[in-house]
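Reviewing the structure listed below.
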């Protein structure tokens with residue numbers, strides 16, 4: 001979602017396409033890189049770092065999905081170039097990583113397009129229709145929340161113990177195994193498959209973007225376009241997956257075969273990564289080559305131990321919410337306490353501003369992430385279209401591909417003209433845009449006289465368009481904001497809190513979707529309209545509040561833009 005530019009002693013993220021990032025090293029700085037690789041959600045491009053910056057930076061997605069920030073380190077190792085050879089003016093290793101990530105995103109978005117609908121039909125079909133959709137939405141919310149929450153741990157394991165390459169291979173293998181477990185028509189095995197995917201994603205997703213950053217010297221002017229190419233691959237995979245896994249396979253042969261196709265995509269990504277690994281040379285190599293088999297087995301044992309814990313959380317979805325809330329409150333208390341203890345009033349003000357913007361992100365994501373749950377049910381049951389409803393899941397990555405370069409072009413020019421909105425105003429604009437998206441949908445629903453009638457597919461497409469525009473106003477600049485507002489010693493922790501907000505937002509989205517999709521029969525459409533009306537009102541009110549208080553928040557930020 002953003003591009004990285006040098007600002008003083010840190011890196012500032014400017015808007016570009018979304019995704020998530022990370023780099024190598026130990027300490028908070030590389031934790032911050034890793035964390036950003038999580039969202040998939042979103043997708044990002046990175047601009048060149050200045051000469052003298054002795055370490056490769058990286059950027060992230062799904063991102064739901066992100067971005068990269070890193071502090072300078074005098075002790076960082078010198079840049080070691082990848083093996084010689086280029087294709088289209090970029091290291092050949094970039095195209096290998098492009099292919100591997102393309103297929104990983106294909107696997108994720110392919111199963112995501114089917115998840116909530118399949119769970120409602122296959123495992124809760126004996127319940128009233130609205131209750132089945134509600135339970136499936138809660139499962140979806142818990143799953144996507146945990147997907148964001150585990151990347152921090154996987155990045156730490158890769159940085160300090162396993163190395164990127166083996167972390168990616170092990171994580172990808174676990175994700176493929178989990179996708180194939182989804183074929184078993186039993187809820188216990190299905191949740192076990194989701195748990196294995198969550199654990200594998202924690203190892204895979206935070207690490208592959210870091211390797212992109214290491215292909216380029218710190219002052220290499222190709223870095224920006226290299227990350228742009230990589231993140232276009234992320235979005236291309238996300239856009240293609242619903243068409244293949246959902247429309248062409250799942251809708252014709254059964255959704256479980258859509259999961260199977262997603263699993264094949266994950267295996268293909270691993271094959272590309274392993275088969276062409278010579279193109280990246282030393283990058284991502286094991287940290288202790290003679291010990292790598294033992295270390296891989298140790299990490300695998302840890303992953304297998306974590307799977308039952310994740311399974312428990314998925315089967316008791318309410319626990320996920322309590323845990324995420326407790327972690328966020330603990331982080332908020334820590335930030336305020338650390339600033340008070342240091343006696344730095346400016347830092348205290350900045351932490352207050354940061355927490356207010358964290359709140360905006362949680363609220364935005366709770367509305368935006370209706371995409372994979374309630375909007376998916378709505379598309380299936382209440383939208384008239386010449387194609388299968390799963391194809392709507394391609395809308396967000398398609399619009400990212402289309403609009404991210406436009407936003408990346410617009411912000412600097414608005415800055416030159418003195419019209420670039422401040423960070424709080426961009427967050428406010430994001431909330432207002434997602435409110436506009438749901439308003440369009442509500443107006444179309446209210447215009448239906450016959451409960452059996454359906455909304456035109458163009459209406460839902462416009463909703464996705466406006467929601468994506470809101471995403472591009474918030475996610476790309478979020479990590480930049482965190483990196484500049486947090487104290488240097490807490491940058492990595494603040495990045496973790498940023499993605500914790502994504503997880504909380506996804507969980508909240510599941511709760512909202514359970515209400516929106518919980519109606520049955522003739523009242524089902526009215527239930528959607530009522531819930532989406534509340535989302536729109538909330539977005540407008542909160543967006544207006546952030547616009548109103550933007551000058552106050554800007555003062556708390558003490559010059560950070």
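Tally the residues that are in a helix (DSSP H, G or I) and more than 12 Å from residue 357 (Cα to Cα), restricting the search to the range 548-558.
We begin by selecting, within the range 548-558, every residue in a helix (DSSP H, G or I); these are 548-557.
If we keep only those that are more than 12 Å from residue 357 (Cα to Cα) as well, we get 548, 551-552, 555.
So the count comes out to 4.
Any idea how many residues of the range 280-299 are over 29 Å from residue 84 (Cβ atoms) and surrounded by fewer than 17 Cβ atoms within 10 Å (Cβ to Cβ)? Break it down stepwise before answering.
Initially, the range 280-299 is screened for residues over 29 Å from residue 84 (Cβ atoms), giving 291, 293-299.
With the extra rule that they be surrounded by fewer than 17 Cβ atoms within 10 Å (Cβ to Cβ), the set shrinks to 291, 293-294, 297-298.
Counting residues in the range 280-299 that are over 29 Å from residue 84 (Cβ atoms) and surrounded by fewer than 17 Cβ atoms within 10 Å (Cβ to Cβ) gives 5.
Does residue 183 satisfy the criteria of being surrounded by fewer than 24 Cβ atoms within 10 Å (Cβ to Cβ), within 19 Å of the chain's Cα centre (by Cα) and at pLDDT 95 or above? Spell out how you get there, then give the answer.
Working: surrounded by fewer than 24 Cβ atoms within 10 Å (Cβ to Cβ): yes; within 19 Å of the chain's Cα centre (by Cα): no; at pLDDT 95 or above: yes.
In short, no.
Restricted to the range 88-111, and to residues that are under 22 Å from residue 264 (Cβ atoms) and out of contact with any helix residue (DSSP H, G or I) (no Cβ under 7 Å at 6 or more places or on another chain), which residue is surrounded by the most Cβ atoms within 10 Å (Cβ to Cβ)? Give the derivation first.
If we filter the range 88-111 for residues that are under 22 Å from residue 264 (Cβ atoms), which is where we start, we get 95-111.
If we keep only those that are out of contact with any helix residue (DSSP H, G or I) (no Cβ under 7 Å at 6 or more places or on another chain) too, we end up with 95, 108.
Numbers: 95: 19, 108: 31.
By that ranking, first place goes to 108.
Tell me which of these residue 455 doesn't satisfy, since it passes every other one: (1) surrounded by fewer than 19 Cβ atoms within 10 Å (Cβ to Cβ); (2) touching a strand residue (DSSP E or B) at 6+ places or on another chain (Cβ under 9 Å); (3) within 23 Å of residue 383 (Cα to Cα).
(1)
Across the range 135-166, what is the total count of residues that are surrounded by 24 or more Cβ atoms within 10 Å (Cβ to Cβ) and modelled with pLDDT of 90 or more?
Matching residues across the range 135-166 total 11.
Quick check: is even one residue across the range 221-242 surrounded by fewer than 19 Cβ atoms within 10 Å (Cβ to Cβ), at pLDDT below 95 and not in a helix (DSSP H, G or I)?
Checking the range 221-242: at least one residue is surrounded by fewer than 19 Cβ atoms within 10 Å (Cβ to Cβ), at pLDDT below 95 and not in a helix (DSSP H, G or I).
For every residue, the table says whether it meets (1) part of a helix (DSSP H, G or I); (2) more than 18 Å from the chain's Cα centre (by Cα); (3) at pLDDT 95 or above; (4) surrounded by 17 or more Cβ atoms within 10 Å (Cβ to Cβ).
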residue	(1), (2), (3), (4)
379	yes, yes, yes, yes
391	yes, yes, yes, yes
395	yes, no, yes, yes
406	yes, yes, no, no
415	yes, yes, no, no
419	no, yes, no, no
428	yes, yes, yes, yes
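Looking at the range 537-555 only, could you name the residues that are more than 23 Å from the chain's Cα centre (by Cα) and crowded, with 22+ Cβ neighbours inside 10 Å?
546, 553
For the range 470-522, what are the residues that are at pLDDT below 90, part of a loop (DSSP other than H, G, I, E, B) and at negative phi?
Result: 486, 487, 519, 520, 522.
Which numbered condition trips up residue 62, out of (1) at pLDDT 50 or above; (2) buried (at least 20 other Cβ atoms within 10 Å of the Cβ); (3) within 20 Å of residue 379 (Cβ to Cβ)?
(1)
The values are calculated or read from the model by the stated rules, or taken from the named source; none is laboratory data. Computed from a prediction, not measured in an experiment: that's the story for all the values here. Every residue, glycine among them, receives a Cβ derived from its backbone with ideal geometry; neighbour counts consider all protein chains shown.
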